[in-house]
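Report on the structure given below.
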Amino acid sequence: MSIIDYVIVMLQSGVSSLASYLAAHVLLCLVPAFFIAGAMTALIPKEAITRYLGRDASKWVSYPMAALGGFVLAVCSCTILPLFASIYAQGAGLGPAMTFLFVGPAINILAVSYTGVALGIDIAIARIVLSVVFGIGIGLIMAFIYRRDDQAHAQAATGKGAFAARASMKGALVIFLLLLLAVLIVGTLKVDLFTNTHGKIILPFSGADGWQAALVRLVPYDASQGQEGVSVQGVLLIALLGLIGLTSWLGLNNIDEGFNAWSWAALALIVLTLLVAALQITPTPNGPVITITGRFVGELIVIGAVVLVAWKWLDEYEVQEWLWETWRFVKQIFPLLILGVFLAGVVRVLIPAQLIETIAGQNTLLANLAGVLFGVFMYFPTLVEVPIANMFLQMGMHRGPLLAYLIADPALSIQSILITAKIIGGPKTWVYVGLVTVFATTAGLLYGAWVDGTSIWLILAGLAVFLSLLILSLWLVGRLYRHAEVSAETQQL
C-alpha cells in the first residue's frame, strides 16, 4: 500500500468514526444533554450546592453533596478547576473540595449520558457508582491526613460566609429540568414503548438505495469493528447540524440581548433534528421508508411540554440565560468532540489491535495501571475520552482497564496536576495523585472482575481486603504524624 493510499484509508476511518458519532442514537443523547447542562448551570443557584461544603458541615451532608455537585453544576474537566479553587478559597473543607474535584467531571450529565450510549449502560453505572464512592473515600483520606492544615485554612478563609447563603428554586424550574431529562430518557431508553412501530410512510423519491450504496463506496466501514458508516439519515442529520450551527451563531451568541429571527430558526431546527433522529429512515428502490416509532411520538409530546413550560412559566431572562449557557457549552466542547472523534478514527488505523490486546486485553493489575497512566499523559477534554475509549474497546482492551482510564482521565491530566498544586500545594497534590491512581486502578480491577464473571462475594472480599489495608495505612500515617507533633513540642520545650 502506497503512502497516499494509507492516508486515504486513515481519512476514511476518521470520517466513518464521525458518521458513527453523529448517528441518530447519539444525537438523541448529546443534544438533550447539552440543554440539561445549560439549564443546570443557569437555573440552579450555585449557593444551593456550595453552602453544604463547609468544613463544619456534617460529613453525611458535605461529602455526598460534593460528589453530586459536579452532576448538578454540569462541570467538565476544564471548568472544574476554577470552581474547585473558588469553593476552597471560600472556606470549603479540603475533603469535600477534593471529592468535588475528583467526582465532578466523571459524573457530569454529558459524560454519563454519552458513556451509556457509546460504551454501554453497565460501564456508565460503574463509572458513576465507583467514582462517587471512591471520590468520597479520597476526600475523607485527604481531610484525615491534613486535618491540622485544613483547620488553619478554614480559619483563614475570607469568604467563609458564602457557605451559609440560602438559595431556593421555584417549582416551574424543577418541572422544566425534569422534562428536559425526560427528553434524554425518551431518546435513549431501549424499551418496547419507544421502539414499537406505529406507521410507515414511503417518500416518492426513487433511487434511495443507490444513494446509500454511493455513501458506502465513498466511506467504507467495518461493522465488526463497531463502525456504522454513513447513512442517508446520517447525511440529513449532519446537514441539519450545520444549519443549527449557522443559525445558532447568528441567534444565540447574543441571546442575552433578546431573541431575533435567527434565534427562533435555531430552536426550530433543533426540534426538527431531534424528531428526525427519532425516526427510522430506510433507503429502498421505491424511495426512503419513514418508520414512525414510539420514540418519535414520545419526543414530540415531551418537547411540546418543554416548550409549553418555558413559554408559560419561565421568565424571559431565565430562558435567555439557559440558552446562552447551553450555547456556551456547545462552543466549548462540540468542536473538540468532532476533532477528537475524527482523530480517534485516524489513530485506529495507526495502532495495531494486537498491541492493545497485549497491554490491556486482560483484567490485570498492570493493565489497569496502564489505563490510568494513559489518562495522565494522553488527556482528552470532556466527552472526547469516550470515543477514544470506544476505539480501544473495539481494538481489544478489557472493560476493567477501560474503566480505570475513564475514571483517571479527567482527574490526572498533567495540566490538572499543575493547577491543583498551585491551589493546595505540591505535597497535598501528589498525595491526591497517588490516591486517585490507587482508587482508579482498584475500580478497574473490581469492575473487570465482575465483567469476567467473578462471584460478587469474592469481589466484596477483595474490596474488604483493600479497605483493611487502606485503614491500616492511614492508622500508621496518623501514628507517625502524632509522633512528629510530640517530637516537635518536646524540642520547643
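Going through the stretch 87-139 one residue at a time, which ones are on the phi > 0 side of the Ramachandran plot and surrounded by 24 or more Cβ atoms within 10 Å (Cβ to Cβ)?
Selection gives Gly91 alone.
Those residues that are assigned to a helix (DSSP H, G or I), farther than 22 Å from Val117 by Cα and touching a residue at least 60 places away in the same chain (Cβ under 8 Å), I need them from the stretch 173-204; list them, please. Give the steps one after another, and end with the answer.
If we filter the stretch 173-204 for residues that are assigned to a helix (DSSP H, G or I), which is where we start, we get 173-188, 192-195.
With the extra rule that they be farther than 22 Å from Val117 by Cα, the set shrinks to 173-176.
Listed by number, the residues that qualify are Leu173, Ile175, Phe176.
With the condition kept exactly as written, say whether any residue in the stretch 431-454 is open to solvent by 50 Å² or more (accessible area, probe 1.4 Å), over 17 Å from Asp122 (Cα atoms) and out of contact with any Leu (no Cβ under 9 Å at 6 or more places or on another chain).
no
Output the number of the condition that Leu275 fails; it satisfies all remaining conditions of (1) over 18 Å from Thr195 (Cα atoms); (2) out of contact with any Pro (no Cβ under 9 Å at 6 or more places or on another chain).
(1)
Would you check if Ile281 is under 23 Å from Ser17 (Cβ atoms), touching a strand residue (DSSP E or B) at 6+ places or on another chain (Cβ under 7 Å) and either modelled with pLDDT of 85 or more or of a type in the set (Gly, Ala, Ser) (or both)?
yes
Return yes or no: is Gly38 part of a helix (DSSP H, G or I), modelled with pLDDT of 70 or more and more than 18 Å from the chain's Cα centre (by Cα)? Walk me through it before giving the result.
Numbers: part of a helix (DSSP H, G or I): yes; modelled with pLDDT of 70 or more: yes; more than 18 Å from the chain's Cα centre (by Cα): no.
Taking the combined requirement at face value, the residue does not satisfy it.
How many residues, within the stretch 289-332, are modelled with pLDDT of 90 or more, closer than 21 Å to Asn260 by Cα, charged (D, E, K, R) and part of a helix (DSSP H, G or I)?
4
So which residues in the stretch 236-257 are open to solvent by 20 Å² or more (accessible area, probe 1.4 Å) and more than 18 Å from Pro335 (Cα to Cα)?
Selection gives Leu236, Asn254, Asp256, Glu257.
Of all residues in the stretch 440-480, count the ones that are assigned to a helix (DSSP H, G or I), of a type in the set (Ser, Thr, Tyr) and without any contact (Cβ under 8 Å) to a residue 12 or more places away in the chain.
Matching residues across the stretch 440-480 total 2.
How many of the residues in the stretch 460-491 are open to solvent by less than 60 Å² (accessible area, probe 1.4 Å), over 42 Å from the mean Cα position of the chain (by Cα) and either modelled with pLDDT of 80 or more or not hydroxyl-bearing (Ser, Thr, Tyr) (or both)?
3
Out of all the residues in the stretch 290-302, is one or more among the small types (Gly, Ala, Ser) and over 30 Å from Phe205 (Cβ atoms)?
No, the stretch 290-302 contains no residue that is among the small types (Gly, Ala, Ser) and over 30 Å from Phe205 (Cβ atoms).
Which one is most open to solvent (accessible area, probe 1.4 Å) among residues in the stretch 258-288 that are of a type in the set (Gly, Ala, Ser) and in a helix (DSSP H, G or I)?
Ala261
The values are calculated or read from the model by the stated rules, or taken from the named source; none is laboratory data. In this text, all values refer to a predicted model and were calculated from it rather than measured experimentally. Counting neighbours? That spans all protein chains shown, and the Cβs are built from the backbone with ideal geometry, glycine included. Please note that ligands, DNA and RNA were not included when accessible areas were found on the heavy atoms of the full protein model with its side chains. Shrake-Rupley method; radii C 1.70, N 1.55, O 1.52, S 1.80 Å.
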